[in-house]
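A.B. asks: Input: one structure, supplied below.
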Protein chains: 6
Amino acid sequence: MLLLTRRERFNAAHKLYQEEWSAEKNAEVFGKCANKNWHGHNYELFVTVKGEINPLTGFIIDLKRLSEVLQEKVVEVLDHKNLNLDVPFLKGKMASTEVLAVSIWNEIEKEVIELGAFLHSVKLNETENNFVEYFGPNA
Amino acid sequence: MLLLTRRERFNAAHKLYQEEWSAEKNAEVFGKCANKNWHGHNYELFVTVKGEINPLTGFIIDLKRLSEVLQEKVVEVLDHKNLNLDVPFLKGKMASTEVLAVSIWNEIEKEVIELGAFLHSVKLNETENNFVEYFGPNA
Amino acid sequence: MLLLTRRERFNAAHKLYQEEWSAEKNAEVFGKCANKNWHGHNYELFVTVKGEINPLTGFIIDLKRLSEVLQEKVVEVLDHKNLNLDVPFLKGKMASTEVLAVSIWNEIEKEVIELGAFLHSVKLNETENNFVEYFGPNA
Amino acid sequence: MLLLTRRERFNAAHKLYQEEWSAEKNAEVFGKCANKNWHGHNYELFVTVKGEINPLTGFIIDLKRLSEVLQEKVVEVLDHKNLNLDVPFLKGKMASTEVLAVSIWNEIEKEVIELGAFLHSVKLNETENNFVEYFGPNA
Amino acid sequence: MLLLTRRERFNAAHKLYQEEWSAEKNAEVFGKCANKNWHGHNYELFVTVKGEINPLTGFIIDLKRLSEVLQEKVVEVLDHKNLNLDVPFLKGKMASTEVLAVSIWNEIEKEVIELGAFLHSVKLNETENNFVEYFGPNA
Amino acid sequence: MLLLTRRERFNAAHKLYQEEWSAEKNAEVFGKCANKNWHGHNYELFVTVKGEINPLTGFIIDLKRLSEVLQEKVVEVLDHKNLNLDVPFLKGKMASTEVLAVSIWNEIEKEVIELGAFLHSVKLNETENNFVEYFGPNA
């Protein structure tokens, strides 16, 4: 098994709150993450693909095209945005790191296959102390 | 000269916009940083103090008390907050990294002197690529 | 599969020596790590849990409670301690990174399950060049 | 499962070009990586081995001997070298990160087994944004 | 004094050799850095400017335009290039980190002034262990 | 002004305690750093020298010889040692980061001058959150 990973970054605002709950319950469960005026993060995204080496290029995948896909499908949609308000693919979802990682997988899986590889994992760092890794619905 | 530095971190939302300007002018000057729904960052703060070694302790300053001052005066005020809306000492100011670094200096200078040292610099990293360092009004 | 990781840190002293061996044999096998007066490290701990997203919170696990468990069961026990002398759960064991990672797994596995997730791995960095990762007795 | 990782570093020049192709085709496929006068990188190598803890030492493997093997078989051969011109085990191969990771696996697998462990993975960082991980021909 | 720093990166090949010396003398002085077939690095560049805060923007300098200047004058000229062969502003010079830092200063000083600030320093990291910082001819 | 910095690392045990004080007073002032059985750190040392570029080499200083001096005078003396018990140049001194940085300056200043440069600063990181920088008795 051979994996290749590309790192991208985006800076976004969000808050954690469950609309079905009261403000008190949200504060109890989410603490300062529920601040009504938002807070934000420098997110680090690591997208890992799996494949075979093309003997003519030595590559699993065209890394430049992979980066372009990630820019178009993820970074341009999320960077300098509000995850709760501005992002079509997060509408109606919790803006947690877990949900965001799964959602990013869904946005890019088909594109990675079109580039001739398989999506292996989406890793998303919210802070230097907290990160999530998703391996897809079949892993 | 002997300097000691303490790193603290806070995650906040902000936007850059000049209220005296139109939305178009703000977009032209601040680009995606002017997104009306905010974005955010993991800020890294490095506070550097200058002093003499106390021969009984080997310390310039009581680092635990310095960290407590930084928690109380800076981190609790800024962490998981909106820099434009939630922070008393930033009211009416631009929420740029430059202004934020100068404002943090003003919030803590007196406290550092009370701990027996001098404030030397406030360094603030907004991203891994951009940071500001302020050395006080007399430097 | 969805994983969430929390980083914690602790600074500790230790030495590597096998009590059944002579000083010479210890020096031969462990080199400078056998220094009788100890040395130490800034350890970085990455605890990874596995679970399903709770649709109400968007979380696999309550990260605040996970961090509290790690503080209570690991960091308070190891931080600013001597791994060979001060740590009940290491008594009679070699203070190697491998043994420490396995021992930390044993201290926290039950607590992670009580928080509603599964312990996936314990990664322990001793230096920037050396680290260990343990996936449990059944992996 | 218990894994131990050792990081090593080397700085090398290379270029990406397929000798069977024209200069135009190489430029089209490899972009600036095809610059005929070479470019280079600070490579970071993470070699991960798998094994059982030796109860007398607390170790999976003698880390000092593992590092010596990596120095002899990898770092001395690659550091301050041209990957396309100076490296016997890369002769006739593309100098991509993928091919380099697989080739390093082949150079060290037998030596790791002689040290009493199994080779689990070879991870190679070309830049802070791009890296490859190889798990062997049977993974 | 208020400073703002922008980080940029470039990957380049080079070698250290003095043309007036024999191969033996070059090997003696420069060691493996004199390898005739080149080696290379991931260089990290930190450009620091000094200025006053513009009260309308909160900025010392337009960071987007600073980054564009650094891309045009430095990164496009050095990235994926051979420092000894491909770079007009290094012709006839030693390709050491010291000389490179001074040369970068000379390439960008005027442009920084045109952006309304002063160039304070150019810091250049060759590896994680070695870096150079230049403060200009008048410092 | 042109500065060159070399990073070295060492791992050591220490404790903070003032022998003239009671155990209670030591615990009060130094907290967990006073643990009688020691704790330890991965120290990072950054030694910065100042000089002119030698036009024949492009160097301020012979970096290989600087690293050898730092290995001999600092790393071999401190690495895998107990700062309170094992280090001749710290005998009778507090093992604080401040005192250690000043003491390292004194150990290497003459050697740096013999290599043809001036010692500019000694920076010592005790953790990722705390570090000290010393600029010499005349700064």
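A.B. asks: Expressed as a rounded percentage, what relative contact order does chain A have, with Cα pairs under 8 Å and six or more residues apart?
C.D. replies: On the way: 231 pairs, mean separation 41.7, N = 139.
With pairs under 8 Å counted, the relative contact order is 30 percent.
A.B. asks: Are there DSSP H segments in chain A that both extend 15 Å or more along their axis (alpha-carbon positions) and score a mean Kyte-Doolittle hydropathy of at least -0.5? List them, or say none. Numbers along the way, then the final one.
C.D. replies: Working: long enough: A:97-114 (26 Å, 0.24).
Span-like helices in chain A: A:97-114.
A.B. asks: With just the Cα atoms defining each centre, how far is the stretch B:28-47 from the stretch C:1-64? Give it in Å.
C.D. replies: 36 Å
A.B. asks: Which residue fluctuates most in the GNM of chain C (Cα springs below 10 Å): C:T127, C:T57, C:T97?
C.D. replies: Taking springs between Cα atoms under 10 Å, the residue moving most is C:T57.
A.B. asks: Whole number please: convex hull volume per residue of the Cα set in the stretch F:28-99, in Å³? All intermediate terms of the calculation are to be shown ahead of the outcome.
C.D. replies: Numbers: hull volume 8.4 nm³, N = 72.
So the per-residue Cα hull volume is 117 Å³.
A.B. asks: For the stretch A:2-134, what number of Lys pairs, 8 or more residues apart or on separate chains, have alpha-carbon atoms under 12 Å from each other?
C.D. replies: Numbers: A:K15/A:K32; A:K15/A:K36; A:K15/A:K93; A:K73/A:K110.
Lysine pairs, 8 or more places apart or on different chains, close enough: 4.
A.B. asks: Still on this structure: Summed for both chains, how many Å² of accessible area, to the nearest 100, are buried between D and E with a 1.4 Å probe?
C.D. replies: Working: alone 8500 and 8500 Å², together 15040 Å².
Roughly 2000 Å² of accessible surface disappears when D and E pair.
A.B. asks: Let me know the shape class of the protein assembly as shown, please: from the alpha-carbon gyration tensor, a ≥ b ≥ c as square roots of the eigenvalues, rounded when a/c is under 1.5, otherwise prolate if a/b is greater than b/c, or oblate. Let's see the in-between values first.
C.D. replies: Numbers: a/c = 1.05, a/b = 1.00, b/c = 1.05.
Rounded is the answer for the protein assembly as shown, as its axis ratio a/c remains below 1.5.
A.B. asks: What number comes out for accessible area per residue over the protein assembly as shown if the probe is 1.4 Å? Units Å², please. Please report the intermediate quantities before stating the final value.
C.D. replies: On the way: 35250 Å² over 834 residues.
Counting only protein heavy atoms, the per-residue value for the protein assembly as shown is 42 Å².
A.B. asks: List the residues of the stretch B:107-139 whose accessible area drops by at least 40 Å² when all protein chains are present, compared with their chain alone, using a 1.4 Å probe and counting only protein heavy atoms.
C.D. replies: For the stretch B:107-139, once contacts with the other chains are taken into account, B:E128, B:N129, B:N130, B:F131, B:E133, B:F135 lose 40 Å² or more.
A.B. asks: Could you report the accessible area of A:C33 in Å², rounded to 10, computed with a 1.4 Å probe on the protein chains as they sit in the structure?
C.D. replies: The accessible area of A:C33 comes to roughly 40 Å².
A.B. asks: Taking the simple approach of a point 7 Å from Cα along Cα-to-Cβ for both A:L56 and E:W21, what is their distance in nm?
C.D. replies: Between A:L56 and E:W21, the label points sit 4.6 nm apart.
A.B. asks: Given a Förster distance of 22 angstrom, what is the FRET efficiency for B:K64 paired with C:R9, based on the Cβ-Cβ distance and rounded to 0.05?
C.D. replies: Values: r = 16 Å, r/R0 = 0.74.
That pair, B:K64 with C:R9, gives E of 0.85.
A.B. asks: Nearest 20 debye, what's the magnitude of the dipole of the stretch B:31-79 about its Cα centre given +1 on Lys and Arg Cβ and -1 on Asp and Glu Cβ? All intermediate terms of the calculation are to be shown ahead of the outcome.
C.D. replies: On the way: 6 positive and 7 negative charges, 55 e Å.
Charge dipole, the stretch B:31-79, about its Cα centre: 260 debye, nearest 20.
A.B. asks: Using +1 on the beta carbon of Lys and Arg, -1 on that of Asp and Glu, and nothing else charged, what's the dipole of the stretch E:55-96 about the Cα centre, debye to 20? Mind showing how you got there, number by number?
C.D. replies: Details: 6 positive and 6 negative charges, 34 e Å.
In total the dipole reaches around 160 debye.
A.B. asks: Something else about it: Any idea what the alpha-carbon Rg over 2.2 N^0.38 Å comes to for the stretch D:2-134?
C.D. replies: 1.17
A.B. asks: Translational D (Stokes-Einstein, µm²/s) of the stretch F:68-139 at 25 °C and 0.890 mPa s when Rh comes from the Kirkwood sum over C-alpha pairs?
C.D. replies: Values: Rh = 12.9 Å.
Taking Rh from Cα pairs, D becomes 191 µm²/s.
A.B. asks: Only Cα pairs within less than 10 Å get springs; with that Gaussian network setup on chain C, which residue of C:N129, C:N42, C:N82 has the largest fluctuation?
C.D. replies: Among C:N129, C:N42, C:N82, the largest GNM mean-square fluctuation belongs to C:N129.
A.B. asks: When the accessible area of the protein assembly as shown is computed with all protein chains present and a 1.4 Å probe, what percentage of it is carbon and sulfur?
C.D. replies: Values: 17180 of 35250 Å².
About 49 percent, which is the carbon plus sulfur part of the accessible surface.
A.B. asks: Heavy atoms only, probe 1.4 angstrom, no DNA, RNA or ligands counted: give me D:K15, A:K32 ranked by accessible area, highest first.
C.D. replies: Ranked from most to least accessible, the order is A:K32, D:K15.
The values are calculated or read from the model by the stated rules, or taken from the named source; none is laboratory data. The shown structure was predicted, so the numbers you read here are calculated from the model rather than taken from an experiment. Don't worry about glycine lacking a Cβ; one is built from the backbone with ideal geometry, like all the others, and counts go over all protein chains shown. Accessible surface areas use protein heavy atoms only, side chains included; no ligands, DNA or RNA. Shrake-Rupley method; radii C 1.70, N 1.55, O 1.52, S 1.80 Å.
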